[in-house]
Amino acid sequence: MTALTVDEVVGVADRYAATGFQTRGDLGQHFLRTSESAHALLERAGIPPGAQVLEVGAGLGTLSCTIAAAGHRIWAVEKDERLRDHLTRRLTPFGERARVTFDDVRHVDLDEGLEPGSALVAIMPFDPELSADLIRHVFTCSRVEYGLVVAPSASTHLLADAPTLIVEEVDGIARSSFWPPAPTVLRVLAIGRRPACSS
């Protein structure tokens, strides 16, 4: 893979910042700045080799490319149509391992595109309520088994009322790891399914 390797996504967010690109506050949009941070998240996720990964809010593709370069199959869902050309170009070199959908994930048929045992690995929007809502929605798909996400700390409390999920703060991440810098405290959350009660 020579065309668009993980190393090439380093600094992409900073280059976008330099062009005056306006991030969308309504999407809670902040972009991961380095592939080192993406590698750390992927390592923390502990995804089995070759497993399928759903990424919500793929943005500029820093995490997407890291996941695909590691040999996983990535389904990147991104709502911001302005990023279509950029994100498609980033992921095209990974061929069938990478799929991109431009839509609100709440309007996407996840059962159609995911296989059992899939994982959610994503930088969620930095709006606590939106982040919690999207996580709840993704886990209505029974094919998503577990997840590792970056989300505002307040999202943890908002997810406490999700009876089917176990949410654990497993790490933190610096606000400066993102452009624009995160406006609130962030946490890395491990998400699993609560075992069904036996009758």
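Does G61 satisfy the condition of being surrounded by fewer than 20 Cβ atoms within 10 Å (Cβ to Cβ), at positive phi and not charged (D, E, K, R)? No; evaluated as a whole, the condition is false for this residue. Against the test of being open to solvent by 50 Å² or more (accessible area, probe 1.4 Å) and within 17 Å of V138 (Cβ to Cβ), the options R44, R106, R84, R97 yield a single qualifying residue, R106. Helices (runs of 4 or more DSSP H) fully within segment 28-136 that include at least 2 residues being among the acidic types (D, E): 35-45, 110-113. Put simply, of V167, V188 the only residue that is in a strand (DSSP E or B), open to solvent by 30 Å² or more (accessible area, probe 1.4 Å) and not hydroxyl-bearing (S, T, Y) is V167.
Restricting the first member to segment 141-152 and to residues that are within 19 Å of L130 (Cα to Cα), and the second to residues that are in a loop (DSSP other than H, G, I, E, B) and open to solvent by less than 10 Å² (accessible area, probe 1.4 Å), the beta-carbon pairs closer than 6 Å and six or more apart or on different chains are V149/M124; A151/M124. Here V77 meets each of (1) at pLDDT 95 or above; (2) open to solvent by less than 60 Å² (accessible area, probe 1.4 Å); (3) more than 21 Å from E145 (Cα to Cα); (4) not charged (D, E, K, R) with one exception, condition (3). Of the residues making up segment 131-157, just one is among the aliphatic types (A, V, I, L, M), buried (at least 19 other Cβ atoms within 10 Å of the Cβ) and over 21 Å from I47 (Cβ atoms), namely A132. Only one of the numbered conditions (1) over 18 Å from V150 (Cα atoms); (2) in contact (Cβ under 8 Å) with a residue 12 or more places away in the chain; (3) of a type in the set (K, R) is violated by R33, and that is (1). A151 falls short of the stated requirement of being of a type outside the set (D, E), touching an Asp or Glu at 6+ places or on another chain (Cβ under 6 Å) and at pLDDT 95 or above. Considering the conditions (1) within 22 Å of V188 (Cα to Cα); (2) open to solvent by 30 Å² or more (accessible area, probe 1.4 Å); (3) more than 14 Å from the chain's Cα centre (by Cα), T92 is excluded by exactly one of them, (1).
The values are calculated or read from the model by the stated rules, or taken from the named source; none is laboratory data. Note that this is a predicted model, so its numbers are computed, not measured. So basically every Cβ, Gly included, is an ideal-geometry build from the backbone, and we count neighbours across all protein chains shown. These area figures cover heavy atoms from the full protein model, side chains too; ligands, DNA and RNA do not enter into them. Shrake-Rupley method; radii C 1.70, N 1.55, O 1.52, S 1.80 Å.
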